[in-house]
Amino acid sequence: MKKEVRLMKGNEVLAEAAIRCGADGYFGYPITPQSEVMETLMELKPWETTGMVVLQAESEIAAINMVYGAAGTGKKVLTSSSSPGVSLMSECFSYMAGAELPCVVINVTRGGPGLGTIQPSQSDYFQATKGGAHGDFHFIVLAPASVQDMHDFVFDAFDLAFKYRNPVMILSDGVIGQMMEKVVLADQRPRRTEAEILAAEKDWALTGKTADRNEHIITSLELDPYAQERFNNKLIEKYARIRENEVRYEEYMTEDADYIIVAFGSASRICSMTVDMARAAGHKVGLIRPVTLYPFPTKVLHELAERGVKGFLSAELNHGQMVEDVRQAVNGLAPVEHFGRSGGAVFSPDEVYQALLTKIINRK
Amino acid sequence: MAKIKGTIIVDIERCKGCGVCVPSCPSNVLALSPHVNGKGYNYSYMANPDACIGCASCAIMCPDSAITVYKQKFE
Amino acid sequence: MAEFEVQIKEENLAFRKSPILTDKVMHYCPGCSHGTVHNLVAEVIEELGIQDKTIGVSPVGCSVFAYNYLHIDWSQAAHGRACAVATGIKRTNPDKMVFTYQGDGDLAAIGTAETIHACNRGENIAVIFINNAIYGMTGGQMAPTTLIGMKTATTPYGRDPKLNGFPYKIADMIAPLPGVCYVTRQSVHTPANVRKAKNAIKKAFQNAMAGKGLSFVEIVATCNSGWKMSPVAANKWMEENCIPFYPLGDIKG
């Protein structure tokens, strides 16, 4: 069968993909540069077709707590926001991780700190990958680099969220949210029926207490420190399984590379041009693009360092966040440096190339 | 003349001895016992059982659902 | 006298603990109004036959453990967020009976925005609001509902409006909103009031199931530990001090 192909904006694709993957609900609050997600959903009126609920909340706090409520009933629900709005949601992220609720959170990031700018940035890497709120917990974090990724990752994110009963974040940025590209759209998947939810989530979801089971309780509250520790150990085991099974990355020209650029999201596309420039100038440079930021592709970077790569440049639209994970992966086997622009400024392929020359290739 | 009589059973170990049942009784049946339960609470009891009319006022007031009420009509 | 001895048997049963209630001993202090209201909620669920349809939401505060005491599905919520959580549940599960059970610090301070906007959207849920004019769980601090002059852990010399602002009546504030179909203020300090409060809760649940909009049942309640009084004295103090400021009765619907 012929697939549907369209020219679409990243944010619009998020909305289209949410409907097509059979999501039950979207709860959001407007914030630049991602407001088109809810605008598109409201225009498409999925409640008349698939039955998906779309609701504009009074705040990001309310939106994520609506997600929490609906997710507790076994429904496929998501929200989207941008950096400051995601900070507002963070308390509930911790509750969701603590209550082991599946959900998808999309952050179309902008420059910070504070209210910052509305231009693209990658300065929420720490927030997304190192917990993002109080308590020991992790999101699974997917970083799209194209409009097609924006589409595909909504499907992947829900699959992962339900597989692990854990919140999943799509860490996008204003570049991918706002740009238009060709995208192949998946066929409409039906929303799960009540019977399917009852069967699949029978051990925990709030579906109404019937005579054949005990009451289900969604909570992250525990008074006994030892019981909390046992629960935390269970989470840690889950994160270990995630690190074991869900690492995703892309390689570009790494096979014979002497030098490696590490970049995610929109920055990785810029850096693929840097690789081409460097190769044209005779330098053997390759690119690793982490697709999952948590779990981080530690192993491949370590193996490249062991194989004899002479230096790594972590190129990020921030002041140096992912570089810490790259350093940990390389573990002293080779120099690791950071290059970045921030506050909404985006580097050019040539800027990255100059940084690569100065900081790595011609390093004294 | 028909006469309605009641009686209550206090779940002594559930009772926290708060005493809100005592003034709620229209027939002044209840009091807190001089004895205590396993948690050290002076539990509620029928000090004047003959006066109970089985109205359940005490039971609906009880925050701990410790009171069960029976009543019977005697012709 | 033996001829008037009531026989303990099923046919003579006049009142028993609702089977919707669990057997767990509640963690509430002796005489706490929460227990009495929990019993009413259980009886209403039992009488309406909606155990398998009901989902409760209880956020932070003394009633955060409410989920231990009723045989229904529950969602605990972050402090103040119960109405948003209930909105998410109800919107994606329109056939369920969803209610929140919140204290005054939760509903009228940190959760004011979520409360007012759920009211304004006319969410088809029931909100049970326990107003005891104090923060119970954290140890008796001032709530937005604390009366002028009332001593709490954070108003040790009494609430002074110059320093702490005024107590406010959120039930009166939300009543004019078109999304709200029923607002009432009740109490559980006498048997007659308990019966009225139960009818109010039942009406609120029936409204929610009928899709009439949001119903709001405020229960003026005691916190005898926080108020540092005996339970019986707390009921008396409430009648003399709280009820004149928070008068009982239907405000809307």
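Just so you know, all these numbers are worked out from the coordinates, no wet-lab data involved. These figures come from a predicted structure and were not determined experimentally. Virtual Cβ from ideal backbone geometry, glycine too; neighbours counted across all protein chains shown.
Of the residues making up segment A:143-173, those that are over 20 Å from A:Y68 (Cβ atoms), touching a strand residue (DSSP E or B) at 6+ places or on another chain (Cβ under 6 Å) and assigned to a helix (DSSP H, G or I) are A:V147, A:Q148, A:H151, A:F153.
Checking each residue in segment B:1-46 for being surrounded by fewer than 20 Cβ atoms within 10 Å (Cβ to Cβ), among the β-branched types (V, I, T) and either out of contact with any strand residue (DSSP E or B) (no Cβ under 9 Å at 6 or more places or on another chain) or within 11 Å of chain C (Cβ to nearest Cβ) (or both) picks out B:I4, B:I9, B:V22. Restrict the check to segment A:54-74 and report whether at least one residue is part of a helix (DSSP H, G or I) and of a type in the set (D, E, K, R). Yes, because at least one residue in segment A:54-74 is part of a helix (DSSP H, G or I) and of a type in the set (D, E, K, R). Scanning segment C:1-33 for residues that are closer than 22 Å to A:E215 by Cα, within 7 Å of another protein chain (Cβ to nearest Cβ) and in contact with a helix residue (DSSP H, G or I) (Cβ under 7 Å, 6 or more places away or on another chain) turns up C:L21, C:M26, C:Y28.
You will find that of A:T79, A:T32, the residue that is crowded, with 20+ Cβ neighbours inside 10 Å and hydroxyl-bearing (S, T, Y) is A:T79 and no other.
One residue is enough: does segment A:317-328 have a residue meeting the conditions surrounded by fewer than 22 Cβ atoms within 10 Å (Cβ to Cβ), free of Cβ contacts under 8 Å to residues at least 24 places away in the same chain and farther than 27 Å from A:Q119 by Cβ? Yes; the residues of segment A:317-328 include at least one that is surrounded by fewer than 22 Cβ atoms within 10 Å (Cβ to Cβ), free of Cβ contacts under 8 Å to residues at least 24 places away in the same chain and farther than 27 Å from A:Q119 by Cβ. A residue that is at positive phi and within 14 Å of another protein chain (Cβ to nearest Cβ) can be found somewhere in segment C:114-127. Within the set A:V184, A:V168, A:V175, the sole residue that is among the aliphatic types (A, V, I, L, M) and surrounded by fewer than 16 Cβ atoms within 10 Å (Cβ to Cβ) turns out to be A:V184. If you go through segment C:50-62 one residue at a time, do you hit one that is in contact (Cβ under 8 Å) with a residue 60 or more places away in the chain, within 14 Å of chain B (Cβ to nearest Cβ) and not aromatic (F, W, Y)? Looking through segment C:50-62, at least one residue is in contact (Cβ under 8 Å) with a residue 60 or more places away in the chain, within 14 Å of chain B (Cβ to nearest Cβ) and not aromatic (F, W, Y). The set of residues in segment A:35-68 being within 24 Å of A:R110 (Cβ to Cβ), more than 24 Å from the chain's Cα centre (by Cα) and either more than 8 Å from chain C (Cβ to nearest Cβ) or polar (S, T, N, Q) (or both) consists of A:E43 alone. Considering segment C:172-199, and only residues there that are crowded, with 24+ Cβ neighbours inside 10 Å and of a type in the set (G, A, S), the residue that is nearest to the other protein chains (Cβ to nearest Cβ) turns out to be C:A197. Residue under question is A:V352, and the condition is that it be crowded, with 16+ Cβ neighbours inside 10 Å, assigned to a loop (DSSP other than H, G, I, E, B) and in contact (Cβ under 8 Å) with a residue 24 or more places away in the chain; does it hold? So A:V352 does not fit the description; no. Restricting segment A:35-71 to residues that are touching a strand residue (DSSP E or B) at 6+ places or on another chain (Cβ under 9 Å) and free of Cβ contacts under 8 Å to residues at least 12 places away in the same chain leaves a set whose member that is surrounded by the fewest Cβ atoms within 10 Å (Cβ to Cβ) is A:K45. Scanning segment C:72-93 for residues that are of a type in the set (D, E, K, R), under 12 Å from A:A70 (Cα atoms) and within 7 Å of chain A (Cβ to nearest Cβ) yields a total of 1. Could you pull out every one of the helices (runs of 4 or more DSSP H) wholly within segment A:187-282 that has 3 or more residues that are surrounded by 18 or more Cβ atoms within 10 Å (Cβ to Cβ) and among the small types (G, A, S)? Passing ranges, in order: A:265-280.
Among residues of segment B:63-74 that are closer than 19 Å to C:F4 by Cα and more than 7 Å from chain C (Cβ to nearest Cβ), those with a beta-carbon under 9 Å from a residue that is charged (D, E, K, R) and surrounded by fewer than 24 Cβ atoms within 10 Å (Cβ to Cβ) at least six positions away or on a different chain give the pairs B:K73/B:K3; B:K73/B:K5.
Working only within segment C:1-29, note down all residues that are closer than 24 Å to C:P59 by Cβ and either among the hydrophobic types (A, V, I, L, M, F, W, C) or surrounded by 13 or more Cβ atoms within 10 Å (Cβ to Cβ) (or both). Across segment C:1-29, the qualifying residues are C:S18, C:I20, C:L21, C:T22, C:V25, C:M26, C:H27, C:Y28, C:C29. Per the conditions (1) more than 16 Å from the chain's Cα centre (by Cα); (2) farther than 22 Å from C:A118 by Cα; (3) not aliphatic (A, V, I, L, M), the sole criterion not satisfied by C:R195 is (1).
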